[in-house]
Amino acid sequence: MAHPCVVTLDHTSRPRVLFSGDQLVEVDLPAGTRVVYPKPPMAGLRDPDAAIRYAVNHPLGAEPLYSKLRPGMSVTVAIDDLSMPLPQMRKPDVRQRMCEVLLDLFDDHGVTDIHWIIATAFHRPMTEAEVKRMVGDRVHGRFWPEKLYNHDAEKPGGLVLLGETASGMPVELNRRAAESDLLIYVNLTFVPMNGGHKSVGTGLAGYRTLKAHHNPNTIRATKSYMQPETSTLSKKMEEIGKFIDDKLDVFHIESTLNNRMFDSTLEFLGKNEDELTGTERAAMKALVKTLEWTPQPLRQAIFEKVPAPYEVTGVWAGECEEVHEQALKKVTQQLVVPIEGQADIAVFPVPYISPYNVGAYLNPLLLSVQIEGYLFNLHRGMPVVKKGGTVIALHPASDKFDRDQHAPYVEFFHELLPQTRDAMELHKKHEKRFSQNAGYIQMYRTGKGYHPVHPFYMWYWGENGRQHIGRVIIVGADNEYVPKVLGYETAKTMDEALRMARETAPEDPSITCMHMCPLVMAEVTPEPDSAEAK
């Protein structure tokens, strides 16, 4: 029996309304198409602050946090950055709640040598306003900017080499964090690849450590980086994290959220279109038309400036692996929808936002990350699409970049990708040169820029998807150039894209549409009578 969130369309089914960047488009899908919808939001905790206090006082596999605190000690609190959740959550952010509980504990136990570091790794620095919104007025007012700041992986003398793991990976970490008496990591686990050993060993790391696992070979060997037990990427991060935990006193706090991306007025966006009320259908049609006639910058501003009413569903503290195990259970419970069998053709609506374009347009390189990276990898077990199958993605694919955030991306996309899309060649021939670009490094250190090797990591991020997917067809592209550079085909309409896909698909191909947003993740098992199942 199919899961309630899995709908097979018949001839009476209504058109599906799917994201295409910051627009919504109505799409007629053929009868027999399987549409996978997000699960309804789980209930949030009644008192998140009480849950946080309970977690740090009753940790898993560790002594209570208060027993570690004493006057005169140095404490560093590392905090996940704004790349999750998407979009930003309604105030107070769960990270503010966790930081304020910690601050009360520090004050009660006479701890005054405290630094708060936003664990950005090679992401862009958060602005003061963004940091203030995330951690709240109390922490910001007392500590910004001398003792509340972004991690800087290029700061002279700002990193320390702790040593090498058993397999030879160098572990280079933020010096303040590494030399503190106690390191506390405040985490938000939004998807299964977040949290756990990844937190410290990536968020506070330097280039020597990051390039040990952010490389084409690692991603090619990873079945899904959303399924940690089959992920070579996760295994390398776990090795680094265990090495750090052996060297330092690290106390982990992980939190999870539900998927309540839209408030009550827009909840219909995540529902089965066949089940909408008359009022909801009218509202949907009005929203589609409104966005169609609204200029692009205003469309994106509307979505970005309306925070999501996410609710906290769990908080755990203590030893890394025990804590992360509980967080993963909760994330899986919220996101995963079981389906039987892979599809010959998968339809991926690509929304306007990713972890790497908060406050900026989803540029062409990030479009490829969304399609062949995140959306392809949102599975457990088997990929949604069969090996060599076709992905149809909806997005305008505009040749548009935010040059403050993504200056290295412009050069990577317009100069390197037209020469080669081979990730290993890009890795070997060009990554080192970018990593030493003084102008890009300065934009990362003092401006709003991503690190100069970040576009390489983004290209690698889609490597297992590129190795698996046969064709990508973009519906709704406003130009031919961007899809061509990315190696994609284009179609003006969904009907045309399906006709093109059928040219290389088996007779009567199976079609699965992942209905984003909110977020949904498929657990794909073989069909009962298939060779894989036998």
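Below, the figures for the structure above:
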item: Region 77-118: number of residues that are within 14 Å of Lys132 (Cα to Cα) and among the charged types (D, E, K, R); result: 8
item: Region 439-453 residues that are part of a helix (DSSP H, G or I), paired with ones that are crowded, with 23+ Cβ neighbours inside 10 Å (beta carbon under 6 Å, 6 or more apart); result: Tyr440/Pro408; Tyr440/Pro452; Met443/Gly449; Tyr444/His451
item: Tally of residues being under 27 Å from the mean Cα position of the chain (by Cα), closer than 26 Å to Met237 by Cα, hydrophobic (A, V, I, L, M, F, W, C) and not in a strand (DSSP E or B) across region 135-179; result: 4
item: Residue within region 300-311 that is polar (S, T, N, Q), surrounded by 16 or more Cβ atoms within 10 Å (Cβ to Cβ), within 24 Å of the chain's Cα centre (by Cα) and assigned to a helix (DSSP H, G or I) present; result: yes
item: Matching option when the condition is modelled with pLDDT of 95 or more and closer than 26 Å to Met89 by Cα, among Val315, Val306; result: Val315
item: Which listed residue, of Tyr481, Tyr457, is in contact (Cβ under 8 Å) with a residue 12 or more places away in the chain and closer than 30 Å to Ala205 by Cβ; result: Tyr457
item: When residues of region 156-200 are limited to those that are more than 30 Å from Asn258 (Cα to Cα) and basic (Lys, Arg), the one surrounded by the most Cβ atoms within 10 Å (Cβ to Cβ); result: Arg176
item: Candidates Thr279, Thr218 - the one that is under 28 Å from Ala522 (Cα atoms) and of a type in the set (Val, Ile, Thr); result: Thr218
item: Residues of region 94-144 satisfying the condition of being buried (at least 22 other Cβ atoms within 10 Å of the Cβ) and hydroxyl-bearing (Ser, Thr, Tyr); result: Thr120
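The rows are residues; the columns are (1) of a type outside the set (A, V, I, L, M); (2) surrounded by fewer than 22 Cβ atoms within 10 Å (Cβ to Cβ).
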| position | (1), (2) |
| --- | --- |
| Ile474 | no, no |
| Gly487 | yes, yes |
| Ala491 | no, yes |
| Asp495 | yes, yes |
| Ile511 | no, no |
| Pro528 | yes, yes |
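Each row is one residue, and each column tells you yes or no for (1) touching a Ser or Thr at 6+ places or on another chain (Cβ under 9 Å); (2) touching a residue at least 12 places away in the same chain (Cβ under 8 Å); (3) over 25 Å from Pro41 (Cβ atoms).
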{"position": "Glu319", "(1), (2), (3)": "no, yes, yes"}
{"position": "Glu322", "(1), (2), (3)": "no, yes, yes"}
{"position": "Lys330", "(1), (2), (3)": "yes, yes, no"}
{"position": "Pro338", "(1), (2), (3)": "yes, yes, no"}
{"position": "Gln342", "(1), (2), (3)": "yes, yes, yes"}
{"position": "Tyr361", "(1), (2), (3)": "yes, yes, yes"}
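The values are calculated or read from the model by the stated rules, or taken from the named source; none is laboratory data. All of these numbers come straight from a predicted model, not from anything done at the bench. Reconstructed Cβ throughout: ideal geometry from the backbone, glycine too, with neighbour counts over all protein chains shown.
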